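Just so it is clear, none of the values below were taken in a lab; they were calculated from the coordinates. Bear in mind the structure is a predicted one, so any value in this text is a computation, not a measurement. Here the Cβ positions follow ideal geometry from the backbone for every residue, glycine too, while neighbour counts run over all protein chains shown.
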Amino acid sequence: MSSTIISIIVSYIVLGFLLLIFNLRTNFHWIGKALMIVSVTFFYILTYTSFKSILGWPTKNMLPERFRLVGAQIYEPNIVTNSEGSIYVWITDMNEKSGLGTPRSYELPYSKEIHEKISKATVNLKNGIPQMGEMSEEEKKESGVITKILEKKKTVASSAKINFFDMPNQLLPEK
């Protein structure tokens, strides 16, 4: 765990302890004390759910325009477990450090077409050929800014406009 997460947890423990002391030492009405306890509990839950984006859980946000594929995991739909299926990809944004930054995990809804494209790209990755992904121009025109904000769940994968290709060799400077 990082020091940021530990400090947030400690600060909430201190806040809860101060609330307990406040409730024991004051003569406020019990309804006011109960509302304070409920509000602090609500903030504990809210903070816990917001930790998912900090701790590396996959995001359902829009994929970057150009990215480097680091890895992928595909879960096909399953009738027995009533699962719709998901595709998880680990990518780095090509706009940040030329694709050599810290990878981010993305969750895409399952699509047979994307399954095939990502499967081919992961085979190339296993053979030592770096893969680069790109969002096609059609997807950018289809989804407006408001649609992206309001419908984060129906992101890129529903329309299958992702293309993978071999990453170009980076030219090294001369000695």
Problem - Inter-label distance for VAL10 and TYR110, nm, one decimal - labels placed 7 Å from Cα along Cα-to-Cβ - result: 4.5 nm
Completion exercise
Projecting the Cα atoms of PRO64, PHE28, VAL38 onto the charge dipole of the stretch 1-77, where Lys and Arg contribute +1 and Asp and Glu -1 at Cβ, the residue farthest towards the positive end is PHE28
Fill in the blank from the handout: Two pseudo-spin positions, 7 Å from Cα along C-beta at ASN169 and at VAL123, lie apart in nanometres by 2.4 nm
